[in-house]
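Let me begin by presenting the structure, written as structure tokens, before commenting on it.
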Amino acid sequence: MIKMIMMKRIEIYVEGVVQGVGFRYFTKKVARELGVKGFVKNLPDGRVYIVAEGDENQLEKFLSAVRRGPSLAVVRNVHVIERPATGEFNDFVVAY
């Protein structure tokens, strides 16, 4: 039996001490290790915004890492919105 892998998309808003602590580069490294596609960027209000696409397993591992963050970060809140995957990304990048 062939198991269909369902691709999902999540939009993540991360609050706390998450800018100026290597959060975006940490996120990119984890995403690339897991095969997650999308982007991460800082928002003017101090949050970090992430769009990530992958299968359920990839995204669960990715979200777990995002909730931890890099060593200098203090993640206070993570808001996740699930959406249908678009398949528009070929890689995971830091956006500006």
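Under a GNM of the chain (C-alpha, springs under 10 Å), which listed residue has the highest mean-square fluctuation: A65, A52, A31?
Per the Cα network of the chain with a 10 Å cutoff, A65 tops the list.
Could you state the angle between the C-alpha long axis of helix 23-34 and the longest principal axis of the C-alpha atoms of the chain, as a value from 0 to 90 degrees rounded to the nearest 10?
20 degrees
DSSP loop (so not H, G, I, E, B), at most 10 other Cβ within 10 Å: list which GluC sites (Glu not before Pro) in region 29-96 pass both filters. Please list the in-between numbers first.
Working: sites: E33, E53, E56, E60, E82, E88; in loops: E88.
Sites meeting the loop and neighbour criteria: E88.
Given only helices, namely DSSP H runs of n ≥ 4 each adding -39500 (n - 2.57), what is the per-residue ellipticity at 222 nm of the chain, to the nearest 500 deg cm²/dmol? Walk me through the intermediate numbers first.
On the way: 2 runs with 25 residues, N = 96.
So the helix-based figure for the chain works out to -8000 deg cm²/dmol.
Roughly how much of K61 is accessible, in Å² to the nearest 10, using a 1.4 Å probe?
110 Å²
Pairing the Cα long axis of helix 56-68 with the longest principal axis of the chain, what angle in degrees results, from 0 to 90 and rounded to the nearest 10?
10 degrees
Need one word for region 1-46: rounded, prolate or oblate. Basis is the Cα gyration tensor (sqrt eigenvalues a ≥ b ≥ c); a/c below 1.5 gives rounded, then a/b vs b/c decides. Working shown, then result.
Values: a/c = 3.78, a/b = 2.23, b/c = 1.70.
Note, shape of region 1-46 comes out prolate.
Solvent-accessible area per residue for the chain at a 1.4 Å probe radius, Å²?
Working: 5830 Å² over 96 residues.
Counting only protein heavy atoms, the per-residue value for the chain is 61 Å².
Between E82 and K29, what FRET efficiency follows from the Cβ-Cβ distance if R0 is 30 Å, with the result rounded to 0.05? Walk me through the numbers on the way to the answer.
On the way: r = 24 Å, r/R0 = 0.78.
Once rounded, the FRET efficiency stands at 0.80.
Taking the Cα centre of region 44-94 as origin, sum charge times position over the Cβ atoms of Lys and Arg (+1) and Asp and Glu (-1), and report the length of that vector in debye to the nearest 20.
Approximately 380 debye in magnitude.
Taking the Cα centre of the chain as origin and charging only Cβ (+1 Lys, Arg; -1 Asp, Glu), how large is the dipole, in debye to the nearest 20?
Charge dipole, the chain, about its Cα centre: 220 debye, nearest 20.
Does the chain come out rounded, prolate or oblate, given a ≥ b ≥ c as the square roots of the eigenvalues of its C-alpha gyration tensor, rounded meaning a/c under 1.5 and, failing that, prolate meaning a/b above b/c?
Taking the square roots of the gyration eigenvalues as a ≥ b ≥ c, the chain is prolate.
Carbon and sulfur: what percent of the chain's accessible surface (1.4 Å probe)?
Solvent-exposed carbon and sulfur of the chain make up 54 percent of the total.
Give the average over all directions of the projected area of the C-alpha convex hull of region 23-78, one decimal, in nm².
Details: hull surface 14.5 nm².
Its average projected convex-hull area is 3.6 nm².
The values are calculated or read from the model by the stated rules, or taken from the named source; none is laboratory data. Nothing here was measured: the structure is a model prediction, and the numbers come from that model. Positions of Cβ are backbone-derived with ideal geometry, glycine not excepted, and every protein chain shown enters the neighbour counts. For the accessible areas, the whole protein counts, side chains as well, though only heavy atoms, and no ligand, DNA or RNA atoms are used. Shrake-Rupley method; radii C 1.70, N 1.55, O 1.52, S 1.80 Å.
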